[in-house]
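Taking it in order: structure first as structure tokens, then the write-up.
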Amino acid sequence: MTLKLDAARNFLTTSPDRADALIADLKQQAMEMIRDIRTLVYELRPPALDELGLVGAIQNYIEGNTSAEPEIKFDAPDQLPVIAAAIEVAVYRTIMEGITNILKHAGAKSALIRIRQQDDDLILEISDDGIGLPEERTTGVGMASMRERADELGGSFSVLPSERGLHLHISFPLEMEEKA
């Protein structure tokens, strides 16, 4: 970019059109770099977690990314136990993926996302009243990423039987083991 800036500066007096084209190209490159950097930063740790806490960030995401139907209800205790940062991010991202799946694939009228503590685990349940999983299904990227997040952190992921729709049960350990 600095070489192009130097070239644009050299063309300012002799070829203003070329200078203008270079500057326009540089502006586009800078915008793409800013977008890429923002994506990287947001993927590291969503700022909403620090600003609003886990429950507030989830509520904010639901309010900002869903409409009247399907109605997505969120149930969480007012006070969650202390959660390791990696678990917090995994829960948040898992819920985002669950909501995406509900909106794109479930055909649901309503859904419930519930967080609760059970012994030494944080339990996340995502259920909807949609069409459920087809009998002959392949695991999609969303389900696979939710399973991987739980597995990576020593938790578990399961699809529970449901009369209608889909019911996911994901657990994350509240105490993470130190890796040597």
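So which helices (runs of 4 or more DSSP H) stay within region 1-80 end to end and still have 1 or more residues that are closer than 19 Å to Ile99 by Cβ? Per the criteria, 16-44, 47-65. Looking only at region 54-75, residues that are open to solvent by less than 40 Å² (accessible area, probe 1.4 Å) and touching a Leu at 6+ places or on another chain (Cβ under 8 Å) come to 6 in all. Listed by first and then second residue, the pairs linking a residue in region 67-78 that is of a type in the set (Gly, Ala, Ser) to a residue that is open to solvent by less than 60 Å² (accessible area, probe 1.4 Å), with Cβ atoms under 7 Å apart and 6 or more places separating them unless they lie on different chains, are Ala76/Val55; Ala76/Ile115. Output the residue which, of all residues in region 89-105 that are among the hydroxyl-bearing types (Ser, Thr, Tyr) and farther than 13 Å from Leu168 by Cα, is least open to solvent (accessible area, probe 1.4 Å). Among those residues, the one meeting the criterion is Tyr92.
The residues listed here are Ala86, Ala108; of these, the one that is surrounded by fewer than 19 Cβ atoms within 10 Å (Cβ to Cβ) and either of a type in the set (Gly, Ala, Ser) or closer than 20 Å to Arg149 by Cα (or both) is Ala86. On inspection, Asp20 passes the criterion of being without any contact (Cβ under 8 Å) to a residue 24 or more places away in the chain, open to solvent by 30 Å² or more (accessible area, probe 1.4 Å) and of a type in the set (Asp, Glu).
The values are calculated or read from the model by the stated rules, or taken from the named source; none is laboratory data. Everything numeric here is computed off the predicted structure, so don't read it as measured data. Glycine also receives a Cβ, built like all others from the backbone with ideal geometry; neighbour counts cover every protein chain displayed. With ligands, DNA and RNA removed, areas are computed over all heavy atoms of the protein, side chains included. Shrake-Rupley method; radii C 1.70, N 1.55, O 1.52, S 1.80 Å.
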